[in-house]
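Working notes, structure below.
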Amino acid sequence: MIKYIALTIISAIATYLLKDTASSLNYSAYKDTLGALLNISSIIFAIIGAWIAIIYPRAIGRTFKGKNISVNSLNEADTDANYLSELVEIVMVSAIVLMAVLSLQFLAPIAKHLIMGNWIVHAKHTAFFVVSLLTLSQLYAVFRVILANYFFLNDLRKKNVDSKVDTLHQ
């Protein structure tokens, strides 16, 4: 949670420092960024969601079956739960970005006709803040995917080496 508060603070600082630039931007300036966010979020949402379902069917099965499990299975469950929580967080961030971008794309044309006077400047600052926050959040999610894959690969290699060493000792 702290990391997302930090991203919010960074977006707020960027909005404050770039308030003059943000005031001069209109919806068309954000259109490409929103399209990219929509595509990236959709891809990450789909891939990580499928990855969770395919790679962790035991963890999902334990959730729905509710049977008693062995100590070894409990250790695996803890490992799975830690890794799954990272993946689920990434899926949630991508889902929130998807919903926000879709909402922005729907509401922007309506807001153009409804917002008048001094509210236009505030709306432009808010738009800059929201788009920068969504962009930073999605960049962070992509970074987390890269890290998760890196650590997953390291764990897999370590287990393979340990298995080979165990085989040699027998």
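The values are calculated or read from the model by the stated rules, or taken from the named source; none is laboratory data. For clarity, every value in this text was computed on a predicted model and none was experimentally measured. Here the Cβ positions follow ideal geometry from the backbone for every residue, glycine too, while neighbour counts run over all protein chains shown. What goes into the accessible areas is simple: the full protein's heavy atoms, side chains included, and nothing from ligands, DNA or RNA. Shrake-Rupley method; radii C 1.70, N 1.55, O 1.52, S 1.80 Å.
If you go through segment 81-126 and keep only what is more than 19 Å from the chain's Cα centre (by Cα) and of a type outside the set (A, V, I, L, M), you end up with 105, 106, 109, 112, 113, 117, 118, 119, 122, 124, 125, 126.
Just checking, which of 129, 152 is closer than 20 Å to residue 10 by Cα and within 21 Å of the chain's Cα centre (by Cα)?
Answer to the selection: 129.
Candidates 120, 96: the one that is free of Cβ contacts under 8 Å to residues at least 40 places away in the same chain and surrounded by 10 or more Cβ atoms within 10 Å (Cβ to Cβ) is 120. Could you run through segment 73-91 and say how many residues are charged (D, E, K, R), modelled with pLDDT under 70 and touching a helix residue (DSSP H, G or I) at 6+ places or on another chain (Cβ under 9 Å)? Summing the residues that are charged (D, E, K, R), modelled with pLDDT under 70 and touching a helix residue (DSSP H, G or I) at 6+ places or on another chain (Cβ under 9 Å) in segment 73-91 gives 2. Quickly run through segment 131-170 and pick out the residues that are small (Gly, Ala, Ser) and either open to solvent by 90 Å² or more (accessible area, probe 1.4 Å) or under 16 Å from residue 96 (Cβ atoms) (or both). The answer is 132, 137, 141. Of all the residues in segment 39-50, those that are crowded, with 17+ Cβ neighbours inside 10 Å and not β-branched (Val, Ile, Thr) number 2. Residue 31 passes every criterion in (1) open to solvent by less than 90 Å² (accessible area, probe 1.4 Å); (2) at pLDDT 90 or above apart from (1).
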